[in-house]
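I have a structure I would like to understand better, so I am pasting it below and will then ask my questions one at a time.
The values are calculated or read from the model by the stated rules, or taken from the named source; none is laboratory data. Computed from a prediction, not measured in an experiment: that's the story for all the values here. A quick note on method: Cβ atoms are made from the backbone with ideal geometry, for glycine too, and the neighbour counts reach across all protein chains shown. The accessibility values were calculated without ligands, DNA or RNA, using every heavy atom of the protein model including side chains. Shrake-Rupley method; radii C 1.70, N 1.55, O 1.52, S 1.80 Å.
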Amino acid sequence: MTDQDNKAPREKKKVFPARMFKRATVVCPSCLVRFKEHADQCPNCQFDAHRSVEQFQFDPPVMQRWMDNAKVFGAPVRQEIDQIIDRLTKQFPQVSLSICTVELDDPISLSEFGFWMMNACRLEDGQNSDQRSWTILLLIDVKRGLLSLTPGYAIEAFMDDADWQEALKMMVPDMIARDYRLSLKGFVKDAVQLLRKSAQEVMQSVKHN
Ligand SMILES: [Zn+2]
């Protein structure tokens, strides 16, 4: 018998080990090109994170699940979507999803705005910055009909660009028809699927290492 066997049953392995599969690159919030993380500026468009954050003169809100500034999700819709998100967070307690509706004007870049929010928004009571890094922020600009997804740096490593881009694309027809409920419900369901898929891939690669 080894020492290991004498110990109490070990805590169940977390499905998403933090930073284990962290990518060596980040996506530029402005031009969406990938570049090496240690770069201070995007080599493609010279996007500068510090300058970008200064351009938004808003008071950053507290990051929470619902930030429905455009008031397109009534209480019954939220309840319906909450049930799907709750199933997700039950399976993956680290992960949280924040939905923010805005009405912005050109030339504000929605992805830069998301990047700003991810960095500037205040933490909820009892939340820490590590939890922020597992947050996925979905921005819906109801005025211009635009969508943007900003993942925290920890969850980002588990998200395949093409898959999530496709999930956003699927939201568009319902959004154009102003059926925000159906649009968001479809996305949240896709998000659950995609995170499960990533979790399975992680478990497989853990087994093979
Ligand atoms: Zn760029």
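Look through GLN83, GLN91 and report the one residue that is at pLDDT 95 or above, open to solvent by 50 Å² or more (accessible area, probe 1.4 Å) and closer than 20 Å to THR135 by Cα.
Within the list GLN83, GLN91, the selection yields GLN83.
Another question, then. Looking at region 82-117 only, could you name the residues that are closer than 25 Å to GLN193 by Cα and among the acidic types (Asp, Glu)?
ASP82, ASP86, listed by residue number.
Out of ALA162, ALA191, I need the residue that is closer than 24 Å to LEU32 by Cα and buried (at least 20 other Cβ atoms within 10 Å of the Cβ). Which one?
Within the list ALA162, ALA191, the selection yields ALA191.
Would a scan of region 166-180 turn up a residue that is in contact (Cβ under 8 Å) with a residue 60 or more places away in the chain and more than 23 Å from ARG78 (Cα to Cα)?
No, because not a single residue in region 166-180 is in contact (Cβ under 8 Å) with a residue 60 or more places away in the chain and more than 23 Å from ARG78 (Cα to Cα).
Which residues, taken from region 101-149, are within 20 Å of VAL72 (Cα to Cα), out of contact with any Ser or Thr (no Cβ under 8 Å at 6 or more places or on another chain) and in a loop (DSSP other than H, G, I, E, B)?
GLU103, LEU104, ASP105, LYS143, ARG144, GLY145
Which numbered condition in (1) open to solvent by less than 40 Å² (accessible area, probe 1.4 Å); (2) small (Gly, Ala, Ser); (3) modelled with pLDDT under 95 is the only one that GLY186 fails?
That leaves (3) as the condition not met.
With respect to VAL172, determine if the residue is under 21 Å from SER96 (Cβ atoms) and at pLDDT 90 or above.
The answer is no for VAL172.
Next question, about the same structure. When you check VAL95 against the structure, is it of a type in the set (Val, Ile, Thr) and more than 16 Å from MET63 (Cβ to Cβ), yes or no?
no
Out of ARG51, ARG19, report the one residue that is modelled with pLDDT under 75, closer than 26 Å to GLN204 by Cβ and exposed (fewer than 15 other Cβ atoms within 10 Å of the Cβ).
ARG19
Tell me which residues, restricted to region 30-63, are among the polar types (S, T, N, Q) and part of a loop (DSSP other than H, G, I, E, B).
SER30, ASN44, GLN46, GLN55, GLN57
Can you confirm whether LEU88 is in contact with a strand residue (DSSP E or B) (Cβ under 6 Å, 6 or more places away or on another chain) and at negative phi?
no
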